[in-house]
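Just below is one structure, and these are the notes that go with it.
The values are calculated or read from the model by the stated rules, or taken from the named source; none is laboratory data. Remember, it's a predicted structure, so these values are computed and weren't measured experimentally. Here the Cβ positions follow ideal geometry from the backbone for every residue, glycine too, while neighbour counts run over all protein chains shown.
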Amino acid sequence: MTLKKTTISLRLSSLKRDDSGLAIIEFAYSLPVLMILFMAGLEVANLAIAHMRVSQMAMLVADNASRVRKSIDEANINQIFIGAETASGSLKFKANGRIFLSDLEPNGLASPNTGQYIRWQRCWGDGNFTSSYGVTNDGKTNSSMSTGMGPGTTAATKISAADGTAVMFVEVAYNYQPLISNAIFGNKVIRYTSAFNVRERTDQAITNAGSPAATVASC
């Protein structure tokens, strides 16, 4: 009997000291936390990439539109937006975003109606957005755009075109598409603007010489 008790005691003591499964148990407890951190890291990286691409699209469209020489045509606009779609990569931008390309010029009116106006505006993308800064003909006959166009509240923080020229002003809005789930950032909208002075072009009116069958330009 004493030998049996001793054997049992030794086995219990050995079991008490056995930590061979401790690492697995600790890993099982920490796995949910590690998975959450891993998914959050992927989502943060995906959001950063989306911000970068939307910003680059705004700059690309404004830059390319400003480089068109002599005169600008609807065909040029179509090509510019095709380039933007290519630059959007895997964002699924066309279904979830919208680009607003505006021609901003001085309205040529005397005081008190002096200011800027939107001569024409073209859009691309199926996202449910409206421009935050104006539509075609805004400021044409009044001083509603006296301080210019863009974010900010004063002339010093807004964009204006000099006399005899124009500015290509671009606003891009995009409904962020999460990589994993929108539970991390919610329904997030990414917006960027960009503006470039027109180079060389003296005729700012938009033409439609080629009469493209599908005009992606109407807002």
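Name the single residue, out of those in segment 160-180 being over 20 Å from the mean Cα position of the chain (by Cα) and among the small types (Gly, Ala, Ser), that is farthest from Ala50 (Cα to Cα). That would be Gly164.
Among the candidates Arg119, Arg67, single out the residue that is touching an Asp or Glu at 6+ places or on another chain (Cβ under 6 Å) and touching a residue at least 12 places away in the same chain (Cβ under 8 Å).
Values: Arg67 fails: touching an Asp or Glu at 6+ places or on another chain (Cβ under 6 Å).
Every option except Arg119 fails the conditions.
Here is the figure for segment 89-120: residues that are closer than 30 Å to Leu179 by Cβ and not polar (S, T, N, Q) total 11. Considering every residue within segment 122-139, establish whether at least one is basic (Lys, Arg) and surrounded by fewer than 22 Cβ atoms within 10 Å (Cβ to Cβ). Within segment 122-139, none of the residues are basic (Lys, Arg) and surrounded by fewer than 22 Cβ atoms within 10 Å (Cβ to Cβ).
Under the condition of being loosely packed, with under 12 Cβ neighbours inside 10 Å and in a loop (DSSP other than H, G, I, E, B), which residue from segment 144-159 is nearest to the chain's Cα centre (by Cα)? Reasoning before the result, please.
Quick first cut of segment 144-159, residues loosely packed, with under 12 Cβ neighbours inside 10 Å only: 153-154, 156-157.
Next, only the ones that are in a loop (DSSP other than H, G, I, E, B) stay: 153-154.
Working: Thr153: 22, Thr154: 24 Å.
Selected residue: Thr153.
Would you tally the residues in segment 66-117 being assigned to a loop (DSSP other than H, G, I, E, B) and of a type in the set (Lys, Arg)? Show your work before the answer.
Just the residues of segment 66-117 that are assigned to a loop (DSSP other than H, G, I, E, B), to begin with: 68-71, 88-92, 107-115.
Filter again for of a type in the set (Lys, Arg), leaving 69-70, 92.
The number of residues fulfilling the criteria is 3.
Being within 15 Å of Gly108 (Cβ to Cβ), modelled with pLDDT of 95 or more and not aromatic (Phe, Trp, Tyr) holds for only one residue in Gly139, Gly164, and it is Gly139.
Checked against the criteria, Glu200 does not count as acidic (Asp, Glu), closer than 16 Å to Ala65 by Cα and surrounded by 12 or more Cβ atoms within 10 Å (Cβ to Cβ).
Which residue pairs have Cβ atoms closer than 6 Å, lie 6 or more positions apart in sequence or on different chains, and pair a first residue in segment 98-110 that is in contact (Cβ under 8 Å) with a residue 24 or more places away in the chain with a second residue that is part of a strand (DSSP E or B) and surrounded by fewer than 21 Cβ atoms within 10 Å (Cβ to Cβ)? The qualifying pairs are Asp103/Arg119; Asp103/Trp120; Glu105/Arg119.
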